[in-house]
Amino acid sequence: MPDQRKEITEYLITIIQELASTLTAEEALHVIIEQMKVFFPHQSLAVLLLDENTGTLYIKTSRQISYSFVKQFKRNISGEIVPRVLLKHEQVFINDLQSDDPEYACLKLEHDFKHLCLAPIIQNQRAIGYLHCERTEGLPFTEEDARLMLIIAYLIGQQIQKFELLFLTRNLSLIDEASKALKYQAFVDQFSREMIRAKMHHTSLVLIFLNLDDYVVHVATSGIDAGHALLEEVHHLIKECIRPIDIVGRFSANEFVVCLGGMKPAEAEPTLEHIRKEIQQRATRSSGHPVNVSGVAMTFERPEDFDLPLEKILAALGSGLITVRAKGKHQSASIPPPRK
């Protein structure tokens, strides 16, 4: 027993050291499962997670289970053993389980098995899934095996929670709370990458600048909460008018900026008009107040366009918007990029 505990300790230290350099939950799970392959004899090893929305189980990651099986796997919680693991947080090991046992079909993954060990994956005092380990050959599972599985399942839960928190933190740093669009700096970073990509692949790129003309009046008459609701709806309407690959940022209190990679110059102004009209018609209807929108579209297509300083581009967009708004509310125009 002392030697086995020493091996387990060394194994856990190795895992924790490798986890320090992982960047995603998937990578962390891969590290854990690959290390278990070395230390813990098994036929198949899998992490099964529970989808809260559907109440079904799916395989997050696996060992010696085919990709096609993992992709298609979807199972309702059934039998008596899985509910014990998920609802009562019990660790379970069963040896010499026969294929005609009613529980067998509820537990089997892709391969036939003889011995099985399950351990709940806990997060915030609830089970979000379980760790599944099975053997056909070799020794039956023991209580010591089950304890080790429980430790690994606990570690998996901690890793999943860690990366979920990192994602939320990162998301909060990128997303504008009121509109749910990208914050200005986050948009700028992505726009810079889109400019580099467009130049590399010799494709055009369109930048659209939108202004909610009556936003200040709307906030003054309806309150800041209604103003934030309007911003979120406007962002939602813009997203409905563009492709998933396009990006939207909140530029200022009442301005949005949209980047459309690969869009042809002839499509720029019609796209701007479509977005503008959708906002004016649908946001006006839902808010009960007139929502007028002014906008300009700028197309980058010449090689030198993609080397323009960002400050110069934004200044040209701002100037173009002022010129358009001087003609009256809800106006739009297509303007060229500034020249060096």
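When the residues of the range 95-108 are filtered to those that are in contact with a Lys or Arg (Cβ under 9 Å, 6 or more places away or on another chain) and crowded, with 16+ Cβ neighbours inside 10 Å, the one that is nearest to residue 138 (Cα to Cα) is 97.
Among the conditions (1) assigned by TED's automatic domain parsing to the domain that holds residue 292; (2) within 18 Å of residue 287 (Cβ to Cβ), the only one that residue 179 does not satisfy is (1).
You will find that of 312, 277, 327, the residue that is basic (Lys, Arg) and part of a loop (DSSP other than H, G, I, E, B) is 327 and no other. The single condition among (1) crowded, with 16+ Cβ neighbours inside 10 Å; (2) part of a helix (DSSP H, G or I); (3) out of contact with any Leu (no Cβ under 6 Å at 6 or more places or on another chain) that residue 22 does not meet is (2). The set of residues from the range 254-273 being over 19 Å from residue 320 (Cβ atoms) and free of Cβ contacts under 8 Å to residues at least 60 places away in the same chain is empty. The condition of being hydrophobic (A, V, I, L, M, F, W, C), modelled with pLDDT of 90 or more and within 27 Å of the chain's Cα centre (by Cα) holds for only one of 82, 47, 31, that being 47. Of the residues making up the range 231-248, one or more are in a strand (DSSP E or B) and either of a type outside the set (S, T, N, Q) or at pLDDT below 90 (or both).
For the range 87-116, what are the residues that are more than 20 Å from residue 74 (Cα to Cα) and among the hydrophobic types (A, V, I, L, M, F, W, C)? Can you show your working first?
Taking the range 87-116 first, the residues more than 20 Å from residue 74 (Cα to Cα) are 88-101, 114-115.
If the condition is that a residue be more than 20 Å from residue 74 (Cα to Cα) and among the hydrophobic types (A, V, I, L, M, F, W, C), then 92, 93, 94, 97 are the ones that fit.
Exactly one residue out of 107, 131 is assigned by TED's automatic domain parsing to the domain that holds residue 18 and either more than 32 Å from the chain's Cα centre (by Cα) or without any contact (Cβ under 8 Å) to a residue 60 or more places away in the chain (or both), and it is 107.
Within the range 204-228, track down each residue that is surrounded by fewer than 16 Cβ atoms within 10 Å (Cβ to Cβ) and over 24 Å from residue 328 (Cβ atoms). If you could, list the steps in order and put the result at the bottom.
In the first step, residues of the range 204-228 are kept if they are surrounded by fewer than 16 Cβ atoms within 10 Å (Cβ to Cβ); the result is 216-217, 220-226.
Correct list: 223, 224, 225, 226.
Being of a type in the set (A, V, I, L, M), assigned to a helix (DSSP H, G or I) and either touching a strand residue (DSSP E or B) at 6+ places or on another chain (Cβ under 7 Å) or touching a residue at least 24 places away in the same chain (Cβ under 8 Å) (or both) is a condition met by at least one residue of the range 157-169. Among the candidates 57, 116, the residue that is buried (at least 19 other Cβ atoms within 10 Å of the Cβ), part of a strand (DSSP E or B) and in contact with a Lys or Arg (Cβ under 7 Å, 6 or more places away or on another chain) is uniquely 57.
Restrict the check to the range 206-215 and report whether at least one residue is closer than 28 Å to residue 312 by Cα, assigned by TED's automatic domain parsing to the domain that holds residue 283 and modelled with pLDDT under 90. Step through it out loud before you land on a result.
In the first step, residues of the range 206-215 are kept if they are closer than 28 Å to residue 312 by Cα; the result is 206-215.
In the following step, the residues that additionally are assigned by TED's automatic domain parsing to the domain that holds residue 283 were identified as 206-215.
From the residues that got through so far, the ones that are modelled with pLDDT under 90 too are 214.
Within the range 206-215, one or more residues are closer than 28 Å to residue 312 by Cα, assigned by TED's automatic domain parsing to the domain that holds residue 283 and modelled with pLDDT under 90.
The values are calculated or read from the model by the stated rules, or taken from the named source; none is laboratory data. Please read these numbers as outputs of a predicted model, since none were measured by experiment. As a convention, Cβ positions derive from the backbone with ideal geometry for all residues, glycine included, and neighbour counts pool all protein chains shown.
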